[in-house]
Amino acid sequence: MSVAKLTDEPTGRRSGGAVRLVRPVAGYAWTIPGLIVVALMLVWAVHDGGYDEDTWYWGALVMVALLAAVVIARGPRAIRISRAGVVALVAFTLYVLWSYLSITWASSPGDALTGSNRALLYLLVFATMLVLPWTVRRALLALLAFVLGVGVIAVVLLFRLASADHVDALVIGGRLAAPTGYFNSTAALFTIEALTAIALAARRELPGVLRGVLIAFACAGLQLAVIVQSRGWLFTLPLIAIVAIVLLPDRLRVAAAAVIPVAITVAPVHRLLQVYDASSGPALGHAAARAGHVALLLCALAFAVGTLIAWGDSLVPARRLTVARRRVVGALAVALAAGAALVGGLAVTHGHPFRFISRQWNGFSHQLSVHSGSHFTDVGSGRYDFWRVSLDAFLAHPIGGLGQDNFAEYYVTRRRTLEEPAWTHSLELRLLAHTGLIGFALFAVFLVAAVAAAMRARRRGGLEACVAGAALLPLVVWLIHGSVDWFWEIPALTGPALGFLGMACALGARSSEPAASETPSAEAPPRRPRHASAAVAAVAGALAVLAAVIVLGFPYLAVRETSLASDVRQTDPAQALNDLSTAAALNPLSADPDRIAGTIALSTDRLGTAGQRFERTTARDPGGWYGWLGAGLAASALGNRALARHDFQVARSINPKEPVIQQAAALAGTAHPMTPAGALQMLATSL
């Protein structure tokens, strides 16, 4: 019996059949840091995508410690990175430094600091995965851990839908938001999981049962993505599928592995779409239960069929194809992917794709809002205006941009919608608007160099090419779908995209060197560095770690104090104000602690304290309309009408469409000005 072979042994011997994932502990010791990174990705996924600061900040501190431990344990001289990988690492580092520099010209330095720290987190993830000594088996294990972890999340969600377990907490407005808390990022997460699972399930080297599990998890992910009903997902999925097929080796096998998940997703699509029709109430529970039951049954069927096919596949002798046949197979696989995308498109557009596209574009460009029986066919989005203002911001500040994460205040003064987005909803426009041409160029150099480094492993062929290609799939989804959405701000998506990109780069560096032992003890001993250069490197590394701990640690402590204050603001306002004072001292750039403290003081009739806190808010964030509104309300309640009118005027100049500001300003000169309690109640309603 002839089966696919895998060469990844220290002695160069070949082993056939299924890959033995259980190796001596020493051989997989270096996999542990990579699995810790994967575990962080999964934690972020189930905690609202890691979006909240008190979730990703501590993850960033963990990454600082992990990267330092890896570099110390391996020794800088033992770390091998290809030239392209070095270029990518340097470019990404320069981008992060440029991001921190943008604090100096940002209108909201606190937001710029937060955004720069988030960029540092992603640099730490990429660098950690880059410097680890990955082999094919270790990289395969890391990918499997991620895919199986997200797959378990998907199956648990299906069980919760089937049992109608607090469906209203999972489904908002008829669309699945869990686990990331944002519809489009949830669809992207499960698309990443499904594509990667399909790519790995196509490999003969994996055990048949594992391949069956991967097929079942791919079905679960795709079905949940349909329940999300993300239009950005629908429009970008065909391009994502085609790029994935082109990127992966053995394209016909991958396309064949995708048949079951695609068929099982399309077959019950009417059941999945009915969740949106129900929207809320008891009808939502019934629709979710029906969709969950059908999805789970089909996933079980996919597991059984996928496992049987995998076992049969292992009995068929593997054949090597000529170059001409590979091209034909590749073209056929791309055609199959395009055909599957067409079938799926016809299903969700009710057989009228061109009419659907024309209707969507008209609604998008003219900012119309028309609702139908499915969110896929609904019309209306503010993205056209978001992108218009993003481009305007870049043209107004072409070199350095607005400053990291400073789009919100710029947009609110120029908007043509009633929305107040914090993000540009496009990765490319985000880079241009926030960090200008320099930031865009640095990040583009990083991506090009990193992908070039990863493609070295992709060109080697065999299982290594499959693993390298599968490691790039999160990046494909993140880049293509993220071009029309805000995914940079969600660590559950950006972490896997850049982390596995770093792992693929490391595989590329490995593929260009002679075979070496998988065990750290068998690595060739590095040359002993000179004491002077070693001392300089050690000092530089220690200073870098210290700087990272400081720049991440103090803002994280401030976030924790703010969170504690939010927990007790109703029961112990005085303690909440004390906690917020501590938070403001820990992070002198952020206006959030004083903004929240001013609101608490207003609601508890501490008018003097409210005035002081909002005055500090406007000093730290002069472009934020809420701080000026709060300051005006405090001044009005204290009888200082002139100051109140000034503050309201500034707030209205920043956000002229906010009704609370207009009413407060109109009443400021009357005998009955708007009370703080009334303003806060109305503001809460409008938000």
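Remarks
- Total residues in region 154-166, condition farther than 13 Å from Leu214 by Cα and assigned to a helix (DSSP H, G or I): 7
- Test: residue in region 204-220 that is surrounded by 23 or more Cβ atoms within 10 Å (Cβ to Cβ), at pLDDT 95 or above and under 19 Å from Tyr182 (Cα atoms): yes
- Pick from region 395-435, criterion more than 18 Å from Gly110 (Cα to Cα) and of a type in the set (Ser, Thr, Tyr), ranking: surrounded by the most Cβ atoms within 10 Å (Cβ to Cβ): Thr424
- Residues in region 611-642 that are under 17 Å from Thr675 (Cβ atoms) and in a helix (DSSP H, G or I): Gly611, Phe614, Leu629, Gly630, Ala631, Gly632, Leu633, Ala634, Ala635, Ser636, Ala637, Arg641.
- So Ala220, is it assigned by TED's automatic domain parsing to the domain that holds Phe146 and in contact with a Cys (Cβ under 8 Å, 6 or more places away or on another chain): yes
- The number of residues in region 73-130 that are more than 20 Å from Ala497 (Cα to Cα) and of a type in the set (Phe, Trp, Tyr) comes to 3.
- From the options Leu552, Leu586, residue that is of a type in the set (A, V, I, L, M), in contact (Cβ under 8 Å) with a residue 12 or more places away in the chain and under 30 Å from Gly75 (Cα atoms): Leu552
- Enumeration of residues in region 555-581 that are hydroxyl-bearing (Ser, Thr, Tyr), more than 26 Å from Val125 (Cα to Cα) and touching a residue at least 24 places away in the same chain (Cβ under 8 Å): Thr562, Ser566
- With respect to the conditions (1) within 27 Å of the chain's Cα centre (by Cα); (2) over 23 Å from His646 (Cβ atoms); (3) not acidic (Asp, Glu), Thr571 lacks only one, and its number is (1).
- Subset tally (residues that are without any contact (Cβ under 8 Å) to a residue 40 or more places away in the chain, closer than 17 Å to Ala88 by Cα and either touching a strand residue (DSSP E or B) at 6+ places or on another chain (Cβ under 7 Å) or not aromatic (Phe, Trp, Tyr) (or both)) for region 400-446: 3
- Output for region 435-477, where each listed residue is among the basic types (Lys, Arg) and either farther than 15 Å from Met503 by Cα or at pLDDT 95 or above (or both): Arg459, Arg460
- Selection from region 436-455 of residues that are more than 19 Å from the chain's Cα centre (by Cα) and crowded, with 17+ Cβ neighbours inside 10 Å: Gly436, Ile438, Gly439, Leu442, Val445, Ala449, Ala452, Ala453, Ala454, Met455
- Residue in region 597-608 that is among the β-branched types (Val, Ile, Thr) and either in the same structural domain as Val412 (by TED's automatic domain parsing) or modelled with pLDDT of 95 or more (or both) present: no
- Per the listing Gly49, Gly115, Gly85, Gly34, the residue uniquely under 23 Å from Ala591 (Cβ atoms) and buried (at least 22 other Cβ atoms within 10 Å of the Cβ) is Gly115.
- Residue check for Leu552: at pLDDT 95 or above, surrounded by 14 or more Cβ atoms within 10 Å (Cβ to Cβ) and part of a helix (DSSP H, G or I): yes
- Qualifying residue in region 96-115 (condition: without any contact (Cβ under 8 Å) to a residue 60 or more places away in the chain, in contact with a Leu (Cβ under 7 Å, 6 or more places away or on another chain) and closer than 18 Å to Pro491 by Cα): yes
- When region 626-648 is filtered for residues that are of a type in the set (A, V, I, L, M, F, W, C) and buried (at least 23 other Cβ atoms within 10 Å of the Cβ), the ones remaining, listed by number, are Trp628, Leu629, Ala631, Leu633, Ala634, Ala635, Ala644, Phe648.
The values are calculated or read from the model by the stated rules, or taken from the named source; none is laboratory data. Source: prediction; values computed, not measured. Positions of Cβ are backbone-derived with ideal geometry, glycine not excepted, and every protein chain shown enters the neighbour counts.
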